[in-house]
Amino acid sequence: GVEASIPEPQREAWLKNQASGFKGKDEFEKEVVRHVETTLARSMFNCDETAAYAATSLAFRDRLVIEWNRTQQRQTFADTKRVYYLSLEFLMGRALDNAMLNVGDKEVAKSGLSDLGFRIEDIIQQENDAALGNGGLGRLAACFLDSLASLDYPAWGYGLRYRYGIFKQEIIDGYQVEVPDYWLDFNPWEFPRHDVTVDIQFYGYVKKTTDDSGKVTAHWEGGDTVRAVAYDVPIPGYATPATNNLRLWSSQAASGEFDFQKFNSGDYESSVADQQRAETISAVLYPNDNLDRGKELRLKQQYFWVAASLYDIVRRFKKSKRPWREFPDQVAIQLNDTHPTLAIVELQRILIDLEGLDWDDAWNIVQQTFCYTNHTVLPEALEKWSVGLVQHLLPRHLQIIYDINLFFLQSVERSFPKNREILSRVSIIEESQPKMVRMAYLAIVGSHKVNGVAELHSDLIRTTIFKDFVTIFGPDKFVNVTNGITPRRWLHQANPGLSDLIATKVGGPELFLKDLTLLNKLELSVNDPAFRKAWAEVKLANKQRLADYIKTTTGYTVNPIALFDVQVKRIHEYKRQQLNIFGVIYRYLKLKAMTPEERKKVPPRVSIFGGKAAPGYWMAKQIIHLINSVSKVVNNDPDIGDALKVIFIEDYNVSKAEIIVPASDLSEHISTAGTEASGTSNMKFVLNGGLIIGTCDGANIEITREIGEENIFLFGNLAEDVDDLRHNHTYGDHKTDPGLDQVFDAIHSGTFGSVHDFQGMISAVRDHGDYYLVSDDFHSYLETQDLVDKSYADQELWITKCITSVSRMGFFSSDRCINEYAEMMWNVEPLQPETNIGTKKGE
Ligand code: T68
C-alpha cells in the first residue's frame, strides 16, 4: 500500500500521529478556538465574525486537506488516467458553505458556532466570492469541478490565480462604475506551493541545429523568463471523501524578487519595474464575456498558464516511466473554449523539440490527448491572434502552427483535390491584413473530439461555423454535451428549504443530490395538498428573503406576494435585457393609462435585473442606465404602488445568485434565437421552482422537451428564420413594432431623463438594422407576458407547473454532463475511494 512509501523505522511514528481533523461538535469547537488563539493569534475574548469565519474555515480546511492528500496518493498509486480541465475562468463563489455541506458537517458547525455565540449565516457571509470568471463559461467550470470530485473522477483543474477577479459593480446615479476586486487579503482556501514553480519563456528567437544523421532540431533561445508559482485549492466532492485539486498559477519575477545586479548598481526603479511586469501577467481577469479583443497581455496570460500546466502534467507523466505513446492513456486534456489552445502547440513543441519525437508520432499523441469545447457562435467572440504578435511573443510556436497548418492543408488537398476554396476556408491562417491565427480551427485540428454545449448549439456549429471541418473529419468528431449545473450548490446550498422538502419525498438528500433523476418521484406528490402548501411556503420564504435583501440594499420595498420576474446575467445585446426593459416601460405606460380601480385588478409584479457590463461595452452600459432610470421613475410614481416595481441589483455574482434564484417566479432567457449557446441559469431557476419565459434558443429547447411545453412560456422567432429577417431589415421596408414605437415615444418625451442618454439603444433598433430582432419579437413577448399574468393568477395551476417542472429536471445535473464527457471524450473511469489499497484492513 501507499504506507510502504514510509521507511519502516519511521512508519509507526508517522502513522500514529496522522492528522484526522475534528469529529463531532466538541472537537469542532476546540479546533475553532485553537485556530483563533494560535493560527490567527487572536484572543478568544474578542473574536469577531471575521475571525470566527477564518477559524471555521481553517477547521474545515484541515479536514479537506487530509482527504485531499489521500485522494492524490490513491490516484498516484492506482496509476490511472487523469482528466485535466484547462479553463481561464473558474467562477467558484464562496467555499465555506460548500465545504461544510459536501463534507457533511454543516449541522455540527451550526450548533458549535452557536455555542460560541455566532449565527452560522452571518459567518458564511464574511467570505469574499472567488470571482475568477465572467459568467456562464466560468461558472460551468466550477460546476464541473464539483461533479468531477463528487463522482470520484481523478481530475485536476488548471487556471490562473488572478489577484483581481471580475470587478465589483457599483451603480452611481444610474451608471455602472467599476471597482477593483481585491479578494486575496485573506484566503484560507488556497495553499501556496513555493516549491512548485515553472519558469516560462517569452519572446526570443529560434535556432536550428542539424546532427550527424541530418536530423534538424529547433532551439528556442533568449527572451524573457517569468516564474509560475502554483497555488492549490482543494475541491471536495459531495458525500465522498474524494477531494480533487484546482491548481492556479501566479506569476512572479523569475530571479526571486528583484534583479540584484540592477538593484546593487542603484537602478532600483527598473529592478522593481521588471518585477511588476512579471506580476502583471496574473494580475487581472479580462472582464469581457463573448468578446475577443486581441490584447498582448491576454495572449501572455494564455501562454503562461498553458505552459506551466503542461509542464506540470508532463512532469507527472514522466514519473510513471511509461513510453510517450502511452501519454493519451494517462492524460486527457479538456480545452474550455479556445483560450488554452496554445496547449496543443506547446505539447507538440515539448515532444519534438525537447523529447526528440518525430513529428507524426508527436502529433498523434497530441490529437489523442486533447478535446475542445466551443461556447459560442458569435463571430466577435471567436479568438484570433495576429501572426505578428504570435511571432513576436512565441516565435517557435508560430513555426509549429505553420507546420500544423501545412500538414493539415496537405491532407485536405489529398481528400479534396482541386478544391482551392475549401483550402482557404479551413486554413488555420486567415489571409487577411494583418494575417490572423484562427484559434478555433487550431483547436479542432489538434483535438479528437469537439463539443457544443446544447443540442441547437452543437447543430449550429456543425452546420455553420465548423461545417467544412465536419466534411473533412467526418461527423463523429463533433458531439453534443448539453450543459448542466451542480444540484449541490444550486439546490441544496442555495435553497435548503426546498431541498429538505424534496428530500422527504425522494428518500433523503444523499440520494437525489447524487442522482438527480430521482426528482421524478416528486410527480407522485403533485396533488398532495400538504406538500403543495409546504412548497408554496418555501417559495414565499425565499421571496421574503430576497425582499429583505432588496430593502437593505436599495431602500425599495417590494411585496413578496407579487410575481418576481427576474433577469440576471451578463448585460449583452444578444441576451436582450433591452427587450425586457422596453416591455417594462410598455407595462408602465399601460398602468398609467388606467383608472385606480382598473390598476388594482392588475397582478402586481417586481421586475428584477442584475448583471455586469464589460467596462468598454458602451451599449451594455446604456442598457444598465435605462433600467436604473426606469426603476427610479416607476418606483417613485405614487400612481403605481405595488402594481409594478423595478429593481436593479448591484454587483450580481455567485453568492447573490444563491439568494435571487430560489426567489424567482419567472426568469427571462430571451436571447435572439441562435445566439445563446446554452445558458445555465435557466436550469438553476427551474430547478428552484421558478418558471421561464424564453426564446427557442440554447438549452431552453431541451428544458422544454424535458418539462413539457405546457410548463414554459416560449415566444419569438426561430433560429432558422433569423437570417432572413435580418436580410429583410437591410433590404426590405423595416418598420418597428407599434407597441415598441409607444415605448420609444415615451423615452423621447423625456419620461426617463434625457433622451440623449438612450439614443443609442433606440437607433440600434430603428436605424441600424435591429441586428438582435428586438422589434420582431416585441409583440410576441408582450403577448406571452400577458399569458404569464393570467397563469400566475391561477396559483393552483402555477404550483402544479412548478412542481412538475422540478420533477423533470434530473437531466440537467452537471453529473450527467461529466459522465458524458468521461465516456464520449475522455475515456476515463472513476476511482472509487473503497479501492484505496492503503487503508484496506489487515494490510
Ligand atoms: C457562455 N459563454 C455562453 N463566455 O454564452 C453560454 N467569452 O450560453 C453558455 O451556457 C456558457 O458559456 C457555458 O457553456 C461565456 O460565458 C465568456 O464568459 C467568455 C469569456 C472570455 C472570452 C469569451
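Is it true that some residue in the stretch 160-173 is within 25 Å of ASN245 (Cα to Cα), away from the ligand (no atom under 16 Å from the Cβ), of a type outside the set (Lys, Arg) and in a strand (DSSP E or B)? Among the residues of the stretch 160-173, not one is within 25 Å of ASN245 (Cα to Cα), away from the ligand (no atom under 16 Å from the Cβ), of a type outside the set (Lys, Arg) and in a strand (DSSP E or B), which makes the answer no. So, in the stretch 358-408, of the ones that are among the aromatic types (Phe, Trp, Tyr) and touching a Leu at 6+ places or on another chain (Cβ under 8 Å), which residue ends up farthest from ALA218 (Cα to Cα)? Only one residue fits best here, namely TYR372.
Restrict the check to the stretch 219-229 and report whether at least one residue is open to solvent by 10 Å² or more (accessible area, probe 1.4 Å) and within 30 Å of GLU573 (Cβ to Cβ). Among the residues of the stretch 219-229, not one is open to solvent by 10 Å² or more (accessible area, probe 1.4 Å) and within 30 Å of GLU573 (Cβ to Cβ), which makes the answer no. Please indicate, with yes or no, whether at least one residue in the stretch 180-198 is at pLDDT 95 or above and either closer than 26 Å to PRO395 by Cβ or of a type in the set (Ser, Thr, Tyr) (or both). Looking for residues that are at pLDDT 95 or above and either closer than 26 Å to PRO395 by Cβ or of a type in the set (Ser, Thr, Tyr) (or both), one finds at least one in the stretch 180-198, hence yes.
Selection of the stretch 557-572 for residues being more than 16 Å from the ligand (Cβ to nearest atom) and under 23 Å from ALA620 (Cβ atoms) yields ASP565, VAL566. Selection over the stretch 435-465 of residues that are without any contact (Cβ under 8 Å) to a residue 60 or more places away in the chain, out of contact with any Leu (no Cβ under 9 Å at 6 or more places or on another chain) and not aliphatic (A, V, I, L, M) gives a count of 6.
Scanning the stretch 63-100 for residues that are among the small types (Gly, Ala, Ser) and over 22 Å from ALA308 (Cα atoms) turns up ALA78, GLY93, ALA95, ALA99. For the stretch 646-678, the set of residues classified as away from the ligand (no atom under 16 Å from the Cβ), open to solvent by 10 Å² or more (accessible area, probe 1.4 Å) and farther than 30 Å from ASN717 by Cβ consists of GLU650, ASP651, SER655, LYS656, GLU658, ILE659, listed by residue number. Looking only at the stretch 420-432, decide whether some residue is under 27 Å from LEU140 (Cβ atoms), among the hydrophobic types (A, V, I, L, M, F, W, C) and surrounded by 14 or more Cβ atoms within 10 Å (Cβ to Cβ). For the stretch 420-432, residues under 27 Å from LEU140 (Cβ atoms), among the hydrophobic types (A, V, I, L, M, F, W, C) and surrounded by 14 or more Cβ atoms within 10 Å (Cβ to Cβ): present.
Considering the stretch 294-307 alone, what residues qualify as being touching a residue at least 24 places away in the same chain (Cβ under 8 Å) and within 14 Å of the ligand (Cβ to nearest atom)?
GLY294, LEU299, GLN301, GLN302, TRP305
Here ASP173 clears all of (1) under 27 Å from the mean Cα position of the chain (by Cα); (2) modelled with pLDDT of 95 or more; (3) under 30 Å from GLN622 (Cβ atoms) except the condition numbered (1). In the stretch 466-493, what residues are more than 30 Å from PHE416 (Cα to Cα), in a helix (DSSP H, G or I) and open to solvent by less than 20 Å² (accessible area, probe 1.4 Å)? If the condition is that a residue be more than 30 Å from PHE416 (Cα to Cα), in a helix (DSSP H, G or I) and open to solvent by less than 20 Å² (accessible area, probe 1.4 Å), then PRO487, ARG488, ARG489, TRP490, LEU491, GLN493 are the ones that fit.
In the stretch 715-735, the residue that is surrounded by the most Cβ atoms within 10 Å (Cβ to Cβ) out of those that are modelled with pLDDT of 95 or more and outside any helix (DSSP H, G or I) is GLY716.
Within the stretch 682-707, the residues that satisfy the criterion of being surrounded by 24 or more Cβ atoms within 10 Å (Cβ to Cβ) and within 14 Å of the ligand (Cβ to nearest atom) are ASN682, MET683, LYS684, PHE685, GLY694, THR695, ASP697, GLY698, ALA699, ASN700, ILE703.
Of the residues making up the stretch 350-395, those that are open to solvent by 30 Å² or more (accessible area, probe 1.4 Å) and of a type in the set (D, E, K, R) are GLU355, ASP358, ASP360, ASP361, GLU380, LYS384.
For the residues ARG277, ARG298, ARG247, the requirement of being assigned to a helix (DSSP H, G or I) and under 20 Å from the mean Cα position of the chain (by Cα) singles out ARG298. On the stretch given as the stretch 387-397, residues that are part of a loop (DSSP other than H, G, I, E, B) and free of Cβ contacts under 8 Å to residues at least 40 places away in the same chain total 0.
Just one of the listed residues (ILE550, ILE561) is assigned to a loop (DSSP other than H, G, I, E, B) and under 25 Å from GLY641 (Cβ atoms), namely ILE561.
To keep it simple, each residue is scored yes or no on (1) within 16 Å of the ligand (Cβ to nearest atom); (2) within 30 Å of the chain's Cα centre (by Cα); (3) farther than 30 Å from ASN682 by Cβ; (4) not small (Gly, Ala, Ser).
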position: LYS418; (1), (2), (3), (4): no, no, yes, yes
position: ILE422; (1), (2), (3), (4): no, no, yes, yes
position: ALA443; (1), (2), (3), (4): yes, yes, no, no
position: SER447; (1), (2), (3), (4): no, yes, no, no
position: HIS457; (1), (2), (3), (4): yes, yes, no, yes
position: ILE461; (1), (2), (3), (4): yes, yes, no, yes
position: ILE465; (1), (2), (3), (4): yes, yes, no, yes
position: THR471; (1), (2), (3), (4): no, no, yes, yes
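Looking only at the stretch 564-592, residues that are among the basic types (Lys, Arg) and not in a helix (DSSP H, G or I) come to 3 in all. Taking the condition within 16 Å of the ligand (Cβ to nearest atom), crowded, with 19+ Cβ neighbours inside 10 Å and part of a helix (DSSP H, G or I), does VAL743 pass? In short, no. Meeting the requirement of 2 or more residues that are away from the ligand (no atom under 16 Å from the Cβ) and closer than 27 Å to CYS143 by Cα, the strands (runs of 3 or more DSSP E) wholly within the stretch 312-386 are 331-336. Quick check on the stretch 517-540. Is at least one of its residues open to solvent by 60 Å² or more (accessible area, probe 1.4 Å) and under 26 Å from the mean Cα position of the chain (by Cα)? Within the stretch 517-540, one or more residues are open to solvent by 60 Å² or more (accessible area, probe 1.4 Å) and under 26 Å from the mean Cα position of the chain (by Cα).
The values are calculated or read from the model by the stated rules, or taken from the named source; none is laboratory data. Please read all numbers here as calculations on a predicted model, not as lab measurements. When we count neighbours, we look across all protein chains shown, and the Cβ atoms used for this are built from the backbone with ideal geometry, even at glycine. With ligands, DNA and RNA removed, areas are computed over all heavy atoms of the protein, side chains included. Shrake-Rupley method; radii C 1.70, N 1.55, O 1.52, S 1.80 Å.
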